[in-house]
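The values are calculated or read from the model by the stated rules, or taken from the named source; none is laboratory data. This one's a predicted model, so the numbers in the text were calculated from it and none came from an experiment. Quick reminder, even Gly has a Cβ in these numbers, built from the backbone with ideal geometry, and neighbours come from all protein chains shown.
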Amino acid sequence: MNFSQAVRSALIDNYSTFKGRACRAEWWYFVLFTVIFSILVSAIVAFTTFGSVDWEYAATLNENQVTEFILDSNFGLGTRISSVALSLIFFLPLMAVTIRRLQDLDASYYWAVPFFMINIMGIWLQIFPSVEPTAVRLSAAGNLISIIYCLAFLRKGGYEDNRFGSNPLEEDTEEDTY
């Protein structure tokens, strides 16, 4: 499965399909697509709203005041809104492909609960940003859980059929013999 096939499968063909299995390439390419797309959108929003911040005034503030000043500016508001919008757009297909990837590894969809929770927490922290130590620790814990999922998803799925369906990479290799 190549990049375009994986993105098409996750975004269009199986947008909200939680049954079946997803190969490693489908999950990894979709995550790569969401990261690249998010970076491009964030760069465009940042480029268009960067001039709205009075950087000379911000230089006179302390660290916490600068953070609040930037978050309250058009720059901070625009980047937060675009980030939340993209997170909500990609939430359902990301959860679907994650559950299908877990099922490819013959694991129950219940293993997606921590992944679901860190995504909800991430969206919450994007809507209500904070530099409080608790929010920073929650964000770090979410990153750790994401790393664990990434490491788990490096494994190959089984070649044989499992309780969730047939191998997604299985091709018809049967030849007509007479």
Inside the range 140-170, can you point out the residues that are modelled with pLDDT of 90 or more and more than 17 Å from Trp27 (Cα to Cα)? Ala140, Ala141, Gly142, Asn143, Leu144
Filtering the range 1-45 down to residues that are within 19 Å of Ile89 (Cβ to Cβ), charged (D, E, K, R) and in contact with a Pro (Cβ under 8 Å, 6 or more places away or on another chain) yields Glu26
Yes/no for Phe116 being farther than 13 Å from Cys23 by Cα, surrounded by fewer than 18 Cβ atoms within 10 Å (Cβ to Cβ) and modelled with pLDDT of 90 or more: yes
Which residue, of Ser87, Ser146, Ser108, is more than 14 Å from the chain's Cα centre (by Cα) and polar (S, T, N, Q)? Ser108
Every residue from the range 82-108 that is assigned to a helix (DSSP H, G or I), loosely packed, with under 15 Cβ neighbours inside 10 Å and without any contact (Cβ under 8 Å) to a residue 24 or more places away in the chain: Ala85, Ile89
Residue hits (the range 36-81; charged (D, E, K, R) and surrounded by 15 or more Cβ atoms within 10 Å (Cβ to Cβ)) are Arg80
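Across the range 118-136, which residue is farthest from Gly78 (Cα to Cα) among those that are part of a helix (DSSP H, G or I) and in contact (Cβ under 8 Å) with a residue 24 or more places away in the chain?
Checking each candidate, the answer is Ile118.
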